[in-house]
1. With out of contact with any strand residue (DSSP E or B) (no Cβ under 9 Å at 6 or more places or on another chain) and crowded, with 17+ Cβ neighbours inside 10 Å as the only criterion, which of 67, 41 stands out?
2. Suppose we filter 127, 182 for residues that are of a type in the set (Ser, Thr, Tyr) and either surrounded by 19 or more Cβ atoms within 10 Å (Cβ to Cβ) or not in a helix (DSSP H, G or I) (or both); which single one remains?
3. I'd like the full set of residues that are of a type in the set (Gly, Ala, Ser), closer than 13 Å to residue 158 by Cα and under 16 Å from the mean Cα position of the chain (by Cα), limited to the stretch 114-148.
4. Based on this model, can you work out whether residue 121 counts as basic (Lys, Arg) and assigned to a loop (DSSP other than H, G, I, E, B)?
5. With the requirement that a residue be closer than 22 Å to residue 20 by Cβ and free of Cβ contacts under 8 Å to residues at least 40 places away in the same chain, what does the stretch 136-158 give you?
6. Against the definition (surrounded by fewer than 20 Cβ atoms within 10 Å (Cβ to Cβ), in contact (Cβ under 8 Å) with a residue 24 or more places away in the chain, out of contact with any His (no Cβ under 8 Å at 6 or more places or on another chain) and not aliphatic (A, V, I, L, M)), how does residue 76 come out, yes or no?
7. Residues in the stretch 45-64 that are surrounded by 16 or more Cβ atoms within 10 Å (Cβ to Cβ) and within 21 Å of the chain's Cα centre (by Cα): how many?
8. Within the stretch 79-97, which residues are closer than 29 Å to residue 193 by Cβ and either in contact (Cβ under 8 Å) with a residue 60 or more places away in the chain or surrounded by fewer than 19 Cβ atoms within 10 Å (Cβ to Cβ) (or both)?
Amino acid sequence: MKPVIAALLGSPLPSGNTALLLDQAIFGAADAGCAVRKIHVPSLTFSPCREIYACREKFACAMDDDVNNLYPFFAEMDGMILATPVMTMGIPGALKSFMDRFQVFYCAKYERLERVVPPEKRAHRKTLLISISGMNLPDNFDGVRRSTLSFCDIIDCRLADEFYVRDMDAKKDLRDFPDILTHAYLKGKALGEEVAAAAGGPVSPGEKRPE
């Protein structure tokens, strides 16, 4: 089996410019030998974190929904591609709420000192961040990057590479910019190659490596 990468789409538009870049990165990671699971976060059924803190006692959330069911996968995956537009200079609401629900990883790692990602996985798990913004300002992506860094730390999948596209209000449609699409493909392929090589062979979530 192949190493597995999670591909998170934070845009509410399943076929918009952010999705277009993510799909190119997915093609690249697949060509590098990885299996990719695409997750359109705004289409999931879940509630924001309510600070019930049942996760302080165990690796689970008190709310039984789509996010709770994804925790085992995120503990076992080999890498992640996170694609999001900038909204109000930060992460869009659905994706930010999704990230906040990973308090179960935070409590396991920092409160109970029982990290759920095994050491051999932590050594090679990497994240590629892809983001677009309508404006062309020097700090366009600061908010997105800070939230992503925190999320990556919590789930032990370090931020390894970034690809930003500014001035989308002028560009409008990225299908008119094949060089940008090619760059997204190459970013995904590079992540896939690094994850596959560092993983020491194709192993999917749920399978154990030979002792």
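The values are calculated or read from the model by the stated rules, or taken from the named source; none is laboratory data. What you see is a predicted model, and the numbers here were worked out from it, not measured in a lab. We place every Cβ from the backbone using ideal geometry, glycine too, and count neighbours over all the protein chains shown.
1. When all the criteria are applied, what remains is 67.
2. Within the list 127, 182, the selection yields 127.
3. 147, the sole residue that qualifies.
4. No; evaluated as a whole, the condition is false for this residue.
5. 136, 145
6. Working: surrounded by fewer than 20 Cβ atoms within 10 Å (Cβ to Cβ): yes; in contact (Cβ under 8 Å) with a residue 24 or more places away in the chain: yes; out of contact with any His (no Cβ under 8 Å at 6 or more places or on another chain): yes; not aliphatic (A, V, I, L, M): yes.
It is true that residue 76 is surrounded by fewer than 20 Cβ atoms within 10 Å (Cβ to Cβ), in contact (Cβ under 8 Å) with a residue 24 or more places away in the chain, out of contact with any His (no Cβ under 8 Å at 6 or more places or on another chain) and not aliphatic (A, V, I, L, M).
7. Residues flagged as surrounded by 16 or more Cβ atoms within 10 Å (Cβ to Cβ) and within 21 Å of the chain's Cα centre (by Cα) within the stretch 45-64 amount to 3.
8. 79, 80, 81, 82, 83, 84, 85, 91, 95
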